[in-house]
1. If you fit an axis through the alpha-carbon atoms of helix 287-312 and take the longest principal axis of the Cα set of the chain, what angle between them do you get, 0 to 90°, nearest 10?
2. Can you list the lysines whose alpha carbon sits under 23 Å from that of LYS133, skipping same-chain ones fewer than 8 residues off?
3. So what's the back-of-envelope 222 nm ellipticity for the chain, counting only DSSP H runs of four-plus at -39500 (n - 2.57) apiece and dividing by all residues, rounded to 500?
4. Just the accessible area for SER285, please: 1.4 Å probe, Å², rounded to the nearest 10?
5. Could you list, in their original order, any pairs among LYS59/LYS234; LYS64/LYS103; LYS64/LYS273 whose Cα atoms are separated by more than 31 Å?
6. Just read off the accessible area of ASP20 with the full protein assembly in place, 1.4 Å probe, to the nearest 10 Å².
7. Given a 10 angstrom Cα cut-off, can you work out which residue in ALA201, ALA78, ALA253 is the most mobile in a GNM of the chain?
8. Per residue, how much space in cubic angstrom lies within the convex hull of the C-alpha atoms of the range 169-318?
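The values are calculated or read from the model by the stated rules, or taken from the named source; none is laboratory data. What you see is a predicted model; the values in this text were computed from it and never measured. Accessible surface is based on the protein model in full, side chains and every heavy atom, while ligands, DNA and RNA are left aside. Shrake-Rupley method; radii C 1.70, N 1.55, O 1.52, S 1.80 Å.
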Amino acid sequence: MTGKLEKVRLKDVWENDAYDLSKWLQENLDVLEDSTGLKFSSATCEQFAGSLSVLLVAKEASGKTFVVENQVDESDDAHLGKLVTHLSHFGAQGAIWIVSEPKVEHVRAVNWLNQSSTGAFYIVRLEAVRIGKSAPAPIFSLHSGPEIGSGKVEAIPEAYEDSPEDQANRRLFWGELIETAGTWLPMFADAKPTDDQYMGARPYRNTAFQYQFWIYPESTVVQLRIDDGNPNSKFNERVFEYLIENREQIEGAFRSPLEWGRLDGRHSCCISKRIRSGGYRDPQSKWKAIQTEMIHNMAQLEGTLQPYLVKASPVAVR
């Protein structure tokens, strides 16, 4: 017997976002760790001076301070201002803005801050769901962050020291994945194993669309990268705007939140899914299960996005 997944109003879960949600987050820091990739050692609820509300001040494992501003509705200018004010007041190195509906102009502002300042800014989207009469379950997904806005080739970097052994393992890992993926994902059938971190394929007539696998020591990523190679065109932004306008339907069809990287000022855009079941430093006996999950997610991502890409750019048809 199965139940229907239903969305829950966030105000039905946390009536007062400034206090209730901050207190809950203080006791459940792992949800922020999962969505941002950061590791926190502690957190306290602080009452800021004047009329500004309660916020969370979290200590990252490396000793850096992060301020956490939250709201259970769509983003607004007031909360963005408070976020920057809190960052300065506490001398923090980073800020996390939790919001149910990030507006385009605020995502652009956070991406600009990541490119123009030394602070690390994150927007984390918050939703809540339940099945039947079950207790509501929160879903936190990274909407924008310093990694996504950096313009680096890798969409979701993972810090580690590379070694010749890592390079050899990646070549072996890619070889095994290509052998399996060739059956289920014809676009990767002609791929060649290398020691690189990523492997891409362009299945459409429009080569601006590239699907990429990324492998890291402890995780993997599947993503669509949009880059027509022309810094003067608006093609990438136009397609990305269309996709993000349909974000709710796309993530509903994909059955999981995705990470949306606008890469403002850097031309290219990407839509990604981080898979945390393991990476190439896991025992080789576990690789097949990891690769199977990667292939399943890639097939699901391509199948979900393809109809929207056709509508956004008719020449994307195979």
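1. Helix 287-312 and the main axis of the chain meet at about 80 degrees.
2. The qualifying lysines are LYS4, LYS7, LYS11.
3. Details: 9 runs with 109 residues, N = 318.
Calculated from helices alone, the mean residue ellipticity at 222 nm is -10500 deg cm²/dmol.
4. 110
5. Checking Cα-Cα distances, LYS59/LYS234 exceed 31 Å.
6. 60
7. Greatest mean-square fluctuation among the candidates belongs to ALA78.
8. Details: hull volume 16.1 nm³, N = 150.
Spread over its residues, the Cα hull of the range 169-318 gives 107 Å³ apiece.
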